[in-house]
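Contents: one structure, followed by commentary.
Just so it is clear, none of the values below were taken in a lab; they were calculated from the coordinates. Worth saying up front: this structure is predicted, and the values here are computed from it rather than measured.
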Amino acid sequence: MKTMIGFLGLWLLVAQSVQAQSNASFKKEIDAFVQKDVEQMPPKDAILFVGSSSFRKWTDVDKYFPGYTIINRGFGGSQLSNLIFYADKIIYPYQPKQVIIYCGENDFDYDRAVSADTVFERFHTLFNNIRHHLPNTTIGFVSIKFSPSRTYAWDKVKKTNSLVMKFLKKQKNAAYIDITKDMFDADGKAITTIYEADQLHLKPAGYKIWQKHIQPYLLK
């Protein structure tokens, strides 16, 4: 019994160390956001896009949504746990009227043994934290996309998306935004031409699909 308790304690320490290293790896990017805010704080009641590289690389996102004030705080490689850790720097201070989240895809790449239920619980935690700090803010979750270079994760991604969708349907001022269906053709095959050469990140044609499905959910 003591051996088992000792093993569990060691595992927890290792897991905490790995997570701390993960968070630390983004410090430079987060510090850059903070410095940018010091120089000029974005207006309150804007729409905040936060998440991983699919948002970070969407550098002209405001051009896809004219008439909306958008803050982009995507940082490449981030997992949901990183968003939770840095929320006090890149979510709460802006007091946005709406938070649009794209994250979770990297969770399956950094730990290929991670379950869909675990990734959903990470989102659940993030959602609850945002609700606690910003009770009047609307929250939208952009479905985790299929990436041809990460086909190994697709079954778990689909389950996670399903869990998030079912959860958000029961929440007020929340939406599940499905961008996946139009990223496949009529035969159910991925449209690979909308991806960059890495078959992971999107070309403008891919973002046009996202625009089509995200815009109806944005608050004026």
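Beyond 17 Å, the tail of the calculated P(r) for the range 111-156 holds 47 percent of the Cα pairs. In straight-distance terms, cross-link reach from LYS159 covers every one of the lysines whose alpha-carbon lies under 23 Å from its own, apart from those fewer than eight places away in the same chain; here that gives LYS145, LYS169, LYS170, LYS172, LYS181, LYS189. In order along the range 174-184, phi translates into HN-Hα couplings of 8, 8, 9, 10, 8, 9, 6, 4, 7, 8, 10 Hz, rounded to whole numbers, per the Karplus curve 6.51 cos²θ - 1.76 cosθ + 1.60 with θ = phi - 60° and x for Gly and Pro. Expressed per residue, the C-alpha convex hull volume of the chain stands at 142 Å³.
Which whole-number percentage describes the relative contact order of the range 84-220, with Cα contacts under 8 Å and a sequence gap of 6 or more? Kindly include the intermediate steps, with their values, before the conclusion.
Working: 148 pairs, mean separation 33.8, N = 137.
For the range 84-220, the relative contact order is 25 percent.
Each part gets one Cα centre, and for the range 45-96 versus the range 138-196 those centres are 18 Å apart.
Determine the percent antiparallel among the DSSP beta bridges restricted to the chain, to the nearest 5.
Restricted to the chain, the bridges split so that about 10 percent are antiparallel.
Within the range 135-220, the ratio Rg/Rh, alpha carbon atoms throughout and Rh by Kirkwood, equals 1.00.
Here's how it looks for TYR195: its modeled amide H is under 5 Å from those of LYS203, which are all 5 or more places away or on a different chain. Close amide-amide hydrogen proximity is noted between ILE139 and VAL99, ALA174, ALA175, each under 5 Å apart and 5 or more residues distant or on a separate chain (H modeled in the peptide plane; Pro and chain starts excluded).
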